[in-house]
Amino acid sequence: MKIAIIGGKLQGTEAVYLASACGFESILIDANPNVPASTLADRFVAGDVVRRDAQVVDAMREADFVLPANENDQVLDAVCAICREEGLKLAFDMDAYRISQSKIKSDALMHEAGIPAPRYYSDGRAPYVIKPSGESGSAGVRYAKTTEDVRGFLTDCADPENWIVQEYLAGPSYSIEVIGTPEAGYRTYAITQIHMDDVYDCCKVTAPCAITEEQKSEFAKIGKGLAELVNLHGIMDVEVIDDGEALKVLEIDARIPSQTPIAVLYSSGMNLLSELADVTVYGRFQSVQRDEEKFSVYEHYRREDGRVVQEGEHMMASARPLSVLEGLFGSKVVISDYKQEREDFRGIFVNWADSLEELEEMRGRVRAQLGV
């Protein structure tokens, strides 16, 4: 199986790694010749999708299916148009993505369907979280301690209609991936816990999660229900928070995610890219679902000026071209721009074990070698 991946930053890094893990040949396409994932793929093609550079279109034609791994509207429009005109199989649902891209649209859909979600200002109580409607993850997120802070922000900003203000809920956050089509049906996978840094960016993903069987069943039901609501043809992830009352949906994103799929792979044994390829290329799932029930962790570390810190994934977007290194600093897998002759680096550290105790011992050894 050969895959053309469009975009080599965070999502592209995830996709290329997963492609290698399931034995796919990967062609990575990006206009930036030094994009982080450029050195991870079997082949890298530097070119502009929007301009339809000949080498880009030729590479897309060569693949069994095409996967956009970015959130650039112009690039996504161009990829969809090329696939439509060339009759190429596309692992992406633009209609579902447009709904999930707008928090205003997706929240309205959830509210109409009665799916639990944080209440909006001013129905909810302070403190609040202010989010740009068109961004995913933690991009642009702000914390407002009081209603006065919210009023001040909405008064001062130039486009208040493009922001949403929700009550801030305390509690652990979890994510689940949904893959499928109305014809093939929908599958959900191992639930991951999302750990945030000080600026609400995910710095660590762990699996499995310490939630009840009832919560697992409810989360899977929510995920499949949302997939049906957006008429999903492909993949999306759903993030919730457990505030002690219920699992409340924070956001949905109908595109290949970063971070969580690798954690899911080493916890359950299920490769989400392989699953997505099945429904894209064959129209149905080819594998039997399983869960190996291992404990996995995926986390980011950066060394700069002799100091190592753990940070959210935003730091990986500016990494130099990456390599997959085994055993570095005692970690099973490190995806990093680390070079022995350089002091500074950025890296994704992935570990897994049969028990949580064993995993934490492994993490402790890694952190000790890093000097955290």
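The values are calculated or read from the model by the stated rules, or taken from the named source; none is laboratory data. Because the structure is predicted, anything quoted here is derived from the model rather than measured. Every residue, glycine as well, gets a Cβ built from its backbone with ideal geometry; the counts of neighbours run over all protein chains shown. Remember, those area values only see protein heavy atoms, side chains included, never the ligands or the DNA or RNA. Shrake-Rupley method; radii C 1.70, N 1.55, O 1.52, S 1.80 Å.
Over the chain, the reciprocal of the mean inverse Cα-Cα separation, the Kirkwood hydrodynamic radius, stands at 21.2 Å. Over region 81-158, the hull volume per residue, using the convex hull of the C-alpha atoms, is 133 Å³.
In terms of the mean number of neighbouring beta-carbon atoms within 10 Å, the peptides 282-294, 244-256 order highest first as 244-256, 282-294. Its Cα gyration tensor gives region 135-191 an equivalent ellipsoid; the semi-axes, largest first and in whole Å, are 34, 16, 8. Taking all Cα pairs closer than 8 Å and separated by 6 or more residues, the relative contact order of the chain comes to 15 percent.
Directionally averaged projected area (region 105-216, Cα convex hull): 8.8 nm².
Filter the DSSP H helices in the chain by two things, a Kyte-Doolittle mean of at least -0.5 and an axial alpha-carbon span of 27 angstrom or more, and list the hits by number.
none
With charges only on Cβ, +1 for K and R and -1 for D and E, what is the dipole size of region 1-78 about its Cα centre, in debye, rounded to 20? Taking the Cα centre of region 1-78 as origin, the dipole is about 100 debye. Looking at the P(r) of region 174-223, how many percent of alpha-carbon pairs lie beyond 13 Å? I get 62 percent for the Cα pairs in region 174-223 exceeding 13 Å.
Just so you know, the Cα atoms of region 160-297 work out to an Rg and Dmax of 15.0, 47 Å. Apolar share of the accessible surface for the chain: 45 percent from carbon plus sulfur atoms, 1.4 Å probe. Considering only DSSP states other than H, G, I, E and B, which trypsin sites (Lys or Arg not before Pro) in region 116-203 qualify as loop sites with at most 16 other Cβ atoms within 10 Å? For trypsin sites (Lys or Arg not before Pro) across region 116-203 that sit outside H, G, I, E and B with at most 16 neighbouring Cβ atoms in 10 Å, the list reads R119, R125, K145. Of the GluC sites (Glu not before Pro) found in region 92-199, those that fall in a DSSP loop while having at most 11 other beta-carbon atoms within 10 Å are E183. Largest first, the three principal axis extents of the alpha carbons in region 1-106 are 39, 27, 25 Å in whole numbers. The coefficient of translational diffusion for region 36-97, derived via Stokes-Einstein from the alpha carbon Kirkwood radius under 20 °C and 1.002 mPa s, stands at 176 µm²/s.
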